[in-house]
1. If one computes the Cα centroid of the range 335-384 and of the range 29-71, what distance in Å separates the two points?
2. Put one equal scatterer on each alpha carbon of the range 15-96, apply the Debye formula with no solvent term, and list log10 I(q)/I(0) at q = 0.21, 0.23 1/Å to two decimals.
3. Please report the orientation-averaged projected area of the range 124-191, defined via the convex hull of its C-alpha atoms, in nm².
4. Take every Cα-Cα pair in the range 158-301 and report what % of them are more than 25 Å apart.
5. Per the Kirkwood formula on distinct C-alpha pairs, the Rh of the range 174-246 is how many angstrom?
6. Once the convex hull of the C-alpha atoms of the range 93-156 is built, how many Å³ does it hold per residue, rounded to a whole number?
7. Report the semi-axes of the equivalent ellipsoid for the range 229-384 in whole Å, largest first, where each axis is √(5λ) for an eigenvalue λ of the Cα gyration tensor.
8. Lysines near residue 164 by alpha-carbon distance under 24 Å, same-chain residues fewer than 8 away left out - which ones?
Amino acid sequence: MRDFIARRVADVPPSGIRRFFDIAATMDDVISLGIGEPDFVTPDPILASGIKSLQLGETHYTSNSGILELRQALSSHLDRLYGVSYNPESELLITVGVSEALYLALTAIIDPGDEVIVPTPCFVSYQPEVVFAGGTPIALRTQVEDSFQVSAQAVADLITPRTKALLIGYPNNPTGAVMTRDRLAELAQLAEQHDLLVISDEIYDRLVYDHQHVCFAALPGMRERTITLGGFSKDYAMTGWRIGYAAAPEAVLGGLRKVHQYTIMSAPTVSQFAALEALKSGEEHVQRMLAEYDRRRRLIVDGLNELGLTTFEPHGAFYAFPSIETSGMDDEQFADRLLQEEKVAVVPGNAFGAGGFVRCSYATDYEQIEEALERMMRFMQRHG
Ligand SMILES: Cc1ncc(COP(=O)(O)O)c(C=O)c1O
């Protein structure tokens, strides 16, 4: 029988994160610093609102764009937080997580052979999704010495007549980096100069420490050339509800809505009601979870640095990204051996396009992180 899988799908390697979860799942007593999702259960009022919607019989499709009340609440939320205004009728689309919003954005804008510049290290899906949409991802490696910032000059060097978009994700998974306003403003200028679209994945926008999140679309002139992707999974501990959104000017959002109409129809109804409640009453819970992440962030960053695993100070999301150079291993070996010898799961940086580092999530109980650090100390005493 011939191979039915399309070349562009076959050529993309499987996600480097899953392999470690699969191994870890077969072992007892593993501490996982591997998982990129909140350990918190969705806050009670949000849960209750989802349950109530089901009891009230809200079990049908919604409008393709999502329930209007949610879009209205989201529009006010973005305006209040970032001063950027989207028409709830035509410029906001409720999606199945940021995952779907990303898929829609790329599918809607990419013609065969279009290039999308993707700064790395980055979320595992960015480059494969550009490929699935028929485009070519052009990776741009950011450096720890430059606090994993994207340099406009480095982007400019990669621009060709085929470049259509820049795909950025800050606060960043896996590094925890946030981009400074100045650096973002330089990218904005470049986007203007070269007539580029910017897809800005801001799923961790509320999870920033000692920092003000800068919404890319709120920079002068950028609303018209930005697709903002945002969600509820991380900020409100709602990964399993599969709910997110895309915000863009009408002409662009219409393209995303068309793909969404034909592939998804509407995001889960129960989750839309829960997301509405998250916007109404979730703030105190966001702040509570953020304070706890911050406590863990200090523990893990200090702890890793003390082990000789030099760790960049993360200012957002819930990841630490230590260099594992002093171990004398590459990141795959390090993660493999740490799992086998001390039963601590971390993700090799390679999965995100940055060998020489591992990603340690601190969306894990404080005491578990303490125990993981002790195990890592034993590991480094043997291998450091
Ligand atoms: C940067 C980034 N974007 C998007 C996603 C996908 O999120 P969602 O659960 O909303 O699909 C993740 C999940 O890990 C992420 O880290």
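What follows draws every value from the coordinates through simple rules; no lab data is involved. The model shown is predicted, which means the values in this text are computed figures rather than measured ones. Methodologically, a virtual Cβ is constructed for each residue, glycine included, from the backbone with ideal geometry; neighbour enumeration extends over all protein chains shown.
1. The range 335-384 and the range 29-71 have Cα centres spaced 30 Å from each other.
2. -1.00, -1.07
3. 4.7
4. Looking at the range 158-301, the distances longer than 25 Å represent 37 percent of pairs.
5. Numbers: mean 1/r = 0.0756 Å⁻¹.
Averaging 1/r across every pair of different Cα atoms and inverting gives 13.2 Å.
6. Details: hull volume 6.3 nm³, N = 64.
Dividing the Cα hull volume of the range 93-156 by its residues yields 98 Å³.
7. On the way: eigenvalues 273, 74, 35 Å².
In descending order the semi-axes read 37, 19, 13 Å.
8. 258
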